[in-house]
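Step one of this worksheet: look at the structure below.
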Amino acid sequence: MKTFIIAEAGVNHNGSLDLAKQLIDVAAGAGADAVKFQTFRAEALVSRQAPKADYQLATTGSEESQREMIKRLELDEAAHFTLRQHCLSRGIEFLSSPFDEESVDLLVDRLSVARLKLPSGEITNAPLLLKAARTGIPIILSTGMSTLAEVEDALGVLAFGYLDLGIAPGLSAFKEAFGSPDGQSSLQRHVTLLHCTTEYPAPFMEVNLRVMDTLHAAFGLPVGYSDHTEGIAIAIAAAACGATVIEKHFTLDRTLPGPDHLASLEPSDLRAMVSAIRQVEMALGKTIKAPSPAELRNLPIVRKSLVAAGAIDRGEPFTPENLTVKRPGTGVSPMAYWDMLGRSADRDYAPDTVVRL
């Protein structure tokens, strides 16, 4: 199965439409399936008192607040339409993460996105989860910073929203929706979970890729990985572990000002990551253990057969002294060595001649 690769532009456009279009060009050129931005209104996303994260302080300083920083990175509605059109022209899917309910309306009702990607920070934002599910379109849900119970709670909200039962939302209603056959069926049809470690960059020892298996075992849903580590090795490893979706931040230049550039891939690394994941997909192959077509060509060359260790006359019995094992593998298999001992040769054999039955 093909891994769906999301090139996460995020806010690495720095508020510039031209820079955002260049990011689309890079993602398309790298072979990603989708390029993802972030859709938000600063006043609906961040309170005036909200502090910056440590990584944001390290990359953007403390002179401005988180809200002021976020405000500079907004893309207005016209910019969204321009970017969606540019994606269409480059043959790559336009994708964005909504951070508020009005942004869901913009993305679904006016931009007609194929799916929504909900970020880890919104996994307890039940009103946003419900709004997203009520659109009826597929959702990719990141699960960074969450426990298994919190993921289940979020899935309950999504199940309730997809079912659209016409009853009041609430914790008991969400739980009932999650546990119902119809609720589970709706989740199976619509939801993909992403394992994620929410730190920029994420320490390798805190990645815990095996959590993908835990999520799949717990909920039976497709599972992918949103990667915040440095480099491309962990994203490739996640693909080898069966991730159905890989999401990775990228930028034009890691030295650009802004909160996420330093933890992002540059264009050459994005291309290398996509290429490597595509190779992993091919290498995962089938579950049947059998010789591949390439191996079948090599099999008679590298395997061995029973051959005459010396001259053997017709009618002479095969013995340990006159029967040995050598290449090529075009004759009797050495697995039959002991069954051949004591049998009479059906013809004359010169030394090194492959023995026939």
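Mind checking whether some residue in segment 255-265 is out of contact with any Ser or Thr (no Cβ under 8 Å at 6 or more places or on another chain), assigned to a loop (DSSP other than H, G, I, E, B), acidic (D, E) and under 21 Å from A27 (Cα atoms)?
No: segment 255-265 contains no residue that is out of contact with any Ser or Thr (no Cβ under 8 Å at 6 or more places or on another chain), assigned to a loop (DSSP other than H, G, I, E, B), acidic (D, E) and under 21 Å from A27 (Cα atoms).
Can you name the number of the only condition in (1) out of contact with any Ser or Thr (no Cβ under 6 Å at 6 or more places or on another chain); (2) under 19 Å from L118 (Cβ atoms); (3) in contact (Cβ under 8 Å) with a residue 12 or more places away in the chain; (4) not in a strand (DSSP E or B) that L165 fails?
(2)
From the list V302, V245, pick out the single residue that is β-branched (V, I, T) and assigned by TED's automatic domain parsing to the domain that holds S96.
One residue alone meets the criteria, V245.
Between a residue in segment 121-137 that is charged (D, E, K, R) and any residue that is surrounded by 19 or more Cβ atoms within 10 Å (Cβ to Cβ) and part of a helix (DSSP H, G or I), which pairs come within a Cβ distance under 8 Å, given they are 6 or more apart or on different chains?
Pairs found: E122/L128; E122/L129; K131/V104; K131/G161; R134/G161; R134/Y162.
Against the condition of a type in the set (S, T, Y), touching a strand residue (DSSP E or B) at 6+ places or on another chain (Cβ under 8 Å) and either within 26 Å of A243 (Cα to Cα) or surrounded by 19 or more Cβ atoms within 10 Å (Cβ to Cβ) (or both), how does T147 come out, does it pass?
The answer is no for T147.
Given the residues L141, L155, which is the only one that is buried (at least 23 other Cβ atoms within 10 Å of the Cβ), in contact (Cβ under 8 Å) with a residue 60 or more places away in the chain, closer than 23 Å to I6 by Cβ and under 23 Å from the mean Cα position of the chain (by Cα)?
L155
Report every pair of residues separated by at least 6 positions or lying on different chains whose Cβ atoms are under 8 Å apart, first residue within segment 284-304 and touching a residue at least 40 places away in the same chain (Cβ under 8 Å), second part of a loop (DSSP other than H, G, I, E, B).
Going by the 8 Å Cβ cut-off, the qualifying pairs are L284/G242.
Mind listing whichever residues of segment 217-259 are in contact with a Gly (Cβ under 8 Å, 6 or more places away or on another chain) and either farther than 19 Å from S96 by Cβ or modelled with pLDDT under 95 (or both)?
Answer for segment 217-259, where residues must be in contact with a Gly (Cβ under 8 Å, 6 or more places away or on another chain) and either farther than 19 Å from S96 by Cβ or modelled with pLDDT under 95 (or both): V223, A238, A243, T244.
Go through segment 302-331 and give me each residue that's surrounded by fewer than 13 Cβ atoms within 10 Å (Cβ to Cβ), within 12 Å of D352 (Cβ to Cβ) and basic (K, R).
Listed by number, the list is empty, since nothing qualifies.
What tally of residues in segment 7-22 results from selecting those that are out of contact with any helix residue (DSSP H, G or I) (no Cβ under 6 Å at 6 or more places or on another chain), charged (D, E, K, R) and farther than 13 Å from S96 by Cα?
Residues that pass the stated criteria total 1.
Return yes or no: is S305 modelled with pLDDT of 95 or more, within 20 Å of the chain's Cα centre (by Cα) and among the hydroxyl-bearing types (S, T, Y)?
So S305 fails the test.
Out of segment 18-57, which residues are under 18 Å from E74 (Cβ atoms) and at pLDDT below 85?
R41, A42, E43, A44, L45, V46, S47, R48, A50, K52, Q56 - these are the residues of segment 18-57 that are under 18 Å from E74 (Cβ atoms) and at pLDDT below 85.
Looking at segment 1-19, which of its residues are aliphatic (A, V, I, L, M) and either closer than 17 Å to G91 by Cβ or surrounded by fewer than 20 Cβ atoms within 10 Å (Cβ to Cβ) (or both)?
Of everything in segment 1-19, those that are aliphatic (A, V, I, L, M) and either closer than 17 Å to G91 by Cβ or surrounded by fewer than 20 Cβ atoms within 10 Å (Cβ to Cβ) (or both) turn out to be M1, I5, I6, A7, A9, L17, L19.
The values are calculated or read from the model by the stated rules, or taken from the named source; none is laboratory data. Please read these numbers as outputs of a predicted model, since none were measured by experiment. With ideal geometry, Cβ positions are generated from the backbone for all residues, glycine too; neighbour counts draw on all protein chains shown.
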